[in-house]
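Structure record follows, encoded as structure tokens.
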Amino acid sequence: MMYHPLSDGMVKAINDGCYLVIAAKLDLKSGVTYVHSGTGNLIIAGEVYQGVGQFGSIEPVKEGLTTSPTQLLLKLSGFDSKLVGEVLNERSRGRDVRLMLVAINDDGQPALADIIFAGQIANLGVTTGDENAIGLTVSNRFERWSLGLPDRFTDESWSKRHNGDRIFRYVAQMAERSIYWGSKKNAPSFIYK
């Protein structure tokens, strides 16, 4: 059986000829941005998505049954060149991005939304000239798996994330500790800090 990211309801909506748009939620450092490929505003799960129409595009992604990292390119064009500096200073690498396929009912309201891609911003590029455009390279979660974690199981690392919790304070001593299994001889006592 092949996996596909669309629910049965979305497959039925596609077969019934519903109008479809792509909606994107970009968690940027300056704030969360909600856009969709249509025009006007759409309310999806209580969040207002603004239509960008022809000014937004998504590069096609090759589908496959693999756990290899997949990337896609989101592009937004048609903005003033004065925004280039602000975009470059955004420092949005690693921030979350979610793309949804949204079926629009006959009343022009979203009937159903399925997440079709979720990942993090891997790169942010800007092109200027005849067409000012922002390009976001978004990587799926498999690319994050190949990166090392910044935290360690040490008292210092844990205390930075969990203030006042000292659960790892004896880890360094445990590495050097003698353990006497099945013996009445006691191990040396802990040094409490």
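Derivation of every value follows stated rules applied to the coordinates shown; laboratory data play no part. Just so you know, these numbers come straight off a predicted model, no measurement behind them. So basically every Cβ, Gly included, is an ideal-geometry build from the backbone, and we count neighbours across all protein chains shown.
Summing charges over all other residues whose Cβ lies under 10 Å from the Cβ of residue 71, with Lys and Arg as +1 and Asp and Glu as -1, gives -2.
Taking a Cβ cut-off of under 13 Å around residue 105, the surrounding Lys, Arg, Asp and Glu residues balance to a net charge of -2, with basic ones at +1 and acidic ones at -1. Pairs exceeding 27 Å between alpha-carbon atoms, taken from 25/160; 75/160; 12/75; 29/160: 25/160; 75/160; 12/75. The slack in the chain from residue 88 to residue 157, taken as 0.36 nm per residue of separation less the alpha-carbon distance, amounts to 21.7 nm.
A Förster radius of 35 Å combined with the Cβ-Cβ distance from residue 131 to residue 105 puts the calculated FRET efficiency at roughly 0.55. Fully extending the segment from residue 174 to residue 98, taken as 0.36 nm per residue of separation minus the present Cα-Cα distance, adds 23.1 nm. Other residues lying with their Cβ under 14 Å from the Cβ of residue 52 contribute a combined charge of +2, Lys and Arg counting +1, Asp and Glu -1. Compared with the alpha-carbon gap, the fully stretched path from residue 115 to residue 59 is longer by 18.5 nm at 0.36 nm per residue. Beta bridges assigned by DSSP with both partners in the stretch 27-136 are antiparallel in approximately 95 percent of cases. Phi-derived couplings, Karplus 6.51 cos²θ - 1.76 cosθ + 1.60 at θ = phi - 60°, listed residue by residue for the stretch 135-141: x, 10, 8, 10, 10, 7, 5 Hz, with x used for Gly and Pro.
What the Cβ-Cβ distance of residue 7 and residue 32 gives, at R0 = 25 Å and to the nearest 0.05, is a FRET efficiency of 0.55. Kirkwood analysis of the Cα pair distances in the stretch 84-146 returns a hydrodynamic radius of 13.9 Å.
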